[in-house]
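Derivation of every value follows stated rules applied to the coordinates shown; laboratory data play no part. Everything quoted here is computed from the prediction, not taken from an experiment. Neighbour counts are summed over all protein chains in view; Cβ atoms, including those assigned to glycine, are modelled from backbone coordinates with ideal geometry.
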Amino acid sequence: MPNIIVLVKRVPDTNARIVVSGERVDLSAVKWVISPYDEFAIEAALQHKEAAGGTVTALTLGPSDADKVLKDAKAIGVDEIVRVWNDSWSELDSNAIQSALAQAIAGLGAEMVYCGKTAADTGAGSTGPGVAERLGWASVSNITEASFDGGTIVTAPVEGGSARVSVSGNAVISCDKGNMKVRKPNVKGIMMAKRAQVSVVSADAPASTVTIVSQTPPPAKPAGKKFEGSSSAEEVARLLRDEANVI
Amino acid sequence: MSESVIIAEVNKGSVAAVTAELVSAALALGTTPTVVVPCTDASVADGAGYEGSSKTIAVKGDCFTNYDAASWAAAIDAAAPSGIIIAAASPQSKDVAARVAARRGISIVQDVVAINGNNLTSPIYSGKAMQTVALSGDSAISVRANVFPAAASSAANVSVVDQSGDVATAVQEIIARASTRLDVSEANIIISGGRGMGSPDNFSHLEKIADTLGAAVGASRAAVDTWDEIPHSMQVGQTGKTVNPNLYIAVGISGAIQHLAGMRSSKYIVAVNKDADAPIFAHADYGIVATWEETLPVLESAFSSMMA
C-alpha cells in the first residue's frame, strides 16, 4: 500500500494586493493560504489512497508559520502532517529547497509524491521535477486528470493535445486544475485538524547560489490609445499592422 | 567568455523560433552558447545554427519519441557541456530544465524577462511584482518568449551524439485536440472572450477572427466558470495559463487581477469593452469602447483585407 506524500506551500491569497516597500514585497498584511494548485495535488493524493490504500502525508518546508497550511490539509483529509525546517535557513534557492524536500521525502519512506504544478508566489514549477530528479524518480507535470484503477494513469498536455501516461514506479506528479474537483473540509476534519500535531524534521541544504537583489512593482505601462465606437476598429487594425507591426 | 548550453525548443519536428532568442539571452549573460537539440532524427538540428553560438549538438535518442522528463534530462545532461543552462519558458522546457539543473546540483531561475550582467529578472506573484536575483556559479534559467531579439541564422556546425535515457513513464495514447486551432500556450496572437460575450455560442465570432489571423482563442476565468462549453484549457489567468503573445485581444473581459496576471506581459494588448471604465483599458495599448457585437465584424473585415 503506497506511502503517498503531497507537497503543500503557504502563499499569499491570490486575490491579495502585493505591496512593495524598500525593494522587498511587504507581505505583513496578506492572508495566507495553501497554494491553489496544491489543493488539486491533495485531491489526487486522496483519490490515490482511496483506490490503493496506504497513507497520505502532507509535507511543507518552512518555519512554524507554515503549520497552518498543514492543518488546512489535515482538515481536508490527509493522515499525517510534516514540516521540514532548519533554524539556520533563511532565503533558500531552488537547489537548497529541492535538496531539503528530497531528504525529507526519502526519510519518510514515500513512494509517490503529488504537488501543484506551480506555487502561486514564484510561479516557477521547478520543485516537482527537481525533487523527482534528486530522488531518481519519474515525473509527470501539469496533469489534468488521474485514474487509479489498475495502476496510476495520468493525463498531461503534449504538443497538439494530451497524453494518457501510465506511471508504474515511484514518481512525482504535479497537478493542474483540469477536471479535478477538490473536496472541502467538513466539521469533523476541522476538529481533527485542531488537535493534530505537526511532526518537524530537519535536513541539510547546500548554500544558495541565487540571491535576491530586489523586488519591485511591475513596470508601469505607457498610456495606450483609447477610441470610442466600433468604427474605430478599422483604425486599430491599421495601427496593429503599421505601428505595432504585429499583424 | 564562459560557456553556456541552450536546450533548443523543438515543435512539430523542427527547431522553434524562440531558440534564436535564447542565443541572444546567452550573449546577454556574457556567455558563448552551444545549442543542444533533443531529437530522434539529427537532421532537425540543421536549422539550429546562429550567429554568436559556437556549435550545435544533435542529441539523438529513442527516448525523445515522446516526452518523458527523466530520460530527456538524463540524455541532455550526458550530451551537454558544463555552463549555464538556458531553455525556453514553455511548460515542457521549464520542466526538463528543472530536472537537468537538479541532476547537476545547481539552481534554476524560471521565466526570465530581463538580463543585466549576472542579474536576472522574473515576474513573481503572477506578475504583481518583479524579482531580480544575482547568480553566482552555474545555474539553469528559462527565458520567456518575445523578450529577447532573435539571433541571426548561420550555417549550423552540427555534431551528433547518440544518447538516450531510460524512459520512466509509458504513453498509453495521445489524444489529439478536438479543434485544429492553436492552443493559447503555443500562439503568437490570442483573442480571448469573457463573460461579456453573453453566451458560449458567441465565441464563434472570436473563432472567425482567430481563423483569419492564425490565432488561438482564449477565455477569462469568469467565462470558463460560467459556461461548461468553455474548457479550462482555454483559460488565461492566474489559475489558467500564463501567456506572452505578440498580440492579445481581450473582448468582453473586464480585466480582473486574476486575468491580468496571465496576460499582462503580452507585447500588445487590445481591449474591446462597452464599459469605458473597465480596468482592462488601463493595460491596453489600443482600447475600443464599444460592444463586441458592433466591433468584431469591423475588426474581422479589416483583418481579412490585410491578410488577403
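3J(HN,Hα) along segment A:212-223: 6, 8, 7, 10, 9, x, x, x, 6, 7, x, 4 Hz, from the Karplus curve 6.51 cos²θ - 1.76 cosθ + 1.60 with θ = phi - 60°, whole Hz, x for Gly and Pro. May I ask you to derive the relative contact order of segment A:3-201, considering only C-alpha pairs under 8 Å and at least 6 residues apart, and to give it as an integer percent? Dividing the mean separation by the residue count of segment A:3-201 yields 27 percent. In terms of the mean number of neighbouring beta-carbon atoms within 10 Å, the peptides B:8-19, A:1-12 order highest first as A:1-12, B:8-19. Look at the dipole of the protein assembly as shown built from charges on Cβ: of A:GLN197, A:GLY130, B:GLY13, the Cα furthest out on the positive end belongs to A:GLN197. Scoring A:78-90, B:258-270, A:200-212 by mean Cβ neighbours within 10 Å over their residues and listing the highest first yields B:258-270, A:78-90, A:200-212. Summarising the strand pairing of chain A, around 40 percent of its internal DSSP beta bridges are antiparallel. Between the listed residues A:ILE81, A:VAL140, A:ILE105, the Cα displaced farthest toward the positive end of the dipole of segment A:77-144, a dipole computed from Cβ unit charges relative to the Cα centre, is found at A:VAL140.
Ranked by how many other Cβ atoms sit within 10 Å of their own Cβ, fewest first, the residues A:CYS115, A:CYS175, B:CYS39 fall in the order B:CYS39, A:CYS175, A:CYS115.
Ignoring aspartates and glutamates fewer than eight residues from A:LYS226 along the same chain, the ones with Cα atoms less than 14 angstrom from its Cα are A:GLU234, A:GLU235, B:ASP275, B:ASP277, B:ASP285. Under a model in which nothing but the beta-carbon of Lys, Arg (+1) and Asp, Glu (-1) is charged, segment B:2-162 shows a dipole of about 360 debye around its Cα centre. Under 5 Å between amide hydrogens, built in the peptide plane, is the criterion, and for A:ALA119 it picks out A:ALA124, A:GLY125 among residues at least 5 positions away or on other chains. For chain B, the residue among B:ALA48, B:LEU296, B:SER4 whose Cα projects farthest onto the positive side of the dipole built from Cβ charges is B:SER4. By the count of neighbouring beta-carbon atoms within 10 Å, fewest first, B:ARG99, B:ARG104, B:ARG221 end up ordered B:ARG104, B:ARG221, B:ARG99. If the segment from B:SER301 to B:GLU229 were pulled out straight at 0.36 nm per residue, it would be longer than the present Cα-Cα gap by 23.2 nm. Using only the Cα atoms of segment A:1-153, build the gyration tensor, take square roots of its eigenvalues as a ≥ b ≥ c, and label the shape rounded, prolate or oblate: rounded if a/c is under 1.5, else prolate if a/b is larger than b/c, else oblate. Cα axes put segment A:1-153 in the prolate bin.
Judged by the ratio a/c of the largest to the smallest principal axis of the C-alpha gyration tensor, segment B:2-162 counts as prolate, that ratio being 1.5 or greater while a/b is larger than b/c. Exposure proxy ranking for A:SER214, A:SER139, B:SER305, A:SER99, based on other Cβ atoms within 10 angstrom of each Cβ and starting from the fewest, stands as B:SER305, A:SER214, A:SER99, A:SER139.
A straight line joining the Cα centroids of segment A:123-192 and segment B:1-62 runs 30 Å. Take each residue in A:201-208, count the other chain C-beta atoms within 10 Å of its C-beta, and the mean is 1.
Peptide A:151-163 has a mean shielding of 6, counted as Cβ atoms of other protein chains within 10 Å of each residue's Cβ. Normalised by the number of residues in segment A:1-40, the average gap of Cα pairs under 8 Å and 6 or more apart makes the relative contact order 48 percent.
About the centre of its Cα atoms, the protein assembly as shown shows a dipole size close to 1140 debye [charges on the beta carbon of Lys, Arg (+1) and Asp, Glu (-1) only; nearest 20 debye]. Karplus-derived 3J(HN,Hα) values for segment B:88-94, using 6.51 cos²θ - 1.76 cosθ + 1.60 with θ = phi - 60°, are 6, 8, 8, x, 6, 6, 4 Hz; glycine and proline are entered as x.
Less than 5 angstrom separates the built amide H of B:GLY83 from none of the residues sequence-distant by 5 or more or on a different chain.
For chain B, averaging the sequence separation of C-alpha pairs within contact (under 8 Å, six or more residues apart) and dividing by the residue count gives a relative contact order of 15 percent. With the Cα gyration tensor of segment B:184-307 giving a ≥ b ≥ c as the square roots of its eigenvalues, does the rule (a/c under 1.5 for rounded; else a/b larger than b/c for prolate; else oblate) give rounded, prolate or oblate? Taking the square roots of the gyration eigenvalues as a ≥ b ≥ c, segment B:184-307 is rounded.
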